[in-house]
Amino acid sequence: MRPIHKIWLLLQHGVKGDEFDNVIVIIDDGSWTQYNMGKMLTGRDLEKRLERSRNLFYVSCSRARHGLAVVFLTDVPDEALPNAYDWFASGTVHP
């Protein structure tokens, strides 16, 4: 008997309260104006956007029970790397 694997493709706004064994969070800061995850990781952005970005990032990343991968489609500011290493200490960060 073959195992059945399901892949769910969901928007971050639609996953609040849900959990999944493994999660891939794909971020494209070039397409959003309300959020900027790269600047959020640096801690330097407009306060309103910084808070929105932080909340959405938390909701997105906290859905994983076991495995989490965060993929940026745009360049992440160099100043963001120390926070990335700190927040994801148990994993590996590939700039």
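The values are calculated or read from the model by the stated rules, or taken from the named source; none is laboratory data. The shown structure was predicted, so the numbers you read here are calculated from the model rather than taken from an experiment. Please note: Cβ atoms are built from the backbone with ideal geometry, for glycine as well, and neighbour counts cover all protein chains shown. All accessible areas refer to the heavy atoms of the entire protein, side chains included, with ligands and DNA or RNA removed. Shrake-Rupley method; radii C 1.70, N 1.55, O 1.52, S 1.80 Å.
Overview of values
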{"item": "Pairwise label distance in nanometres, Glu47 with Asn83, each label 7 Å out on the Cα-Cβ vector", "result": "1.6"}
{"item": "The range 4-95 - percent of accessible surface contributed by carbon and sulfur, probe 1.4 Å", "result": "54"}
{"item": "For the chain: relative contact order, % (alpha-carbon pairs under 8 angstrom, 6 or more apart)", "result": "36"}
{"item": "Principal axis dimensions, largest first and in whole angstrom, of the chain by Cα", "result": "52, 27, 21"}
{"item": "Cα-based reach from Lys48 at 16 Å (exclusive), listing lysines while leaving out same-chain residues under 8 positions away", "result": "Lys39"}
{"item": "Nearest 10 degrees, 0 to 90: helix 47-61 Cα axis against the chain principal axis", "result": "20"}
{"item": "Per residue accessible area of the chain, 1.4 Å probe, in Å²", "result": "76"}
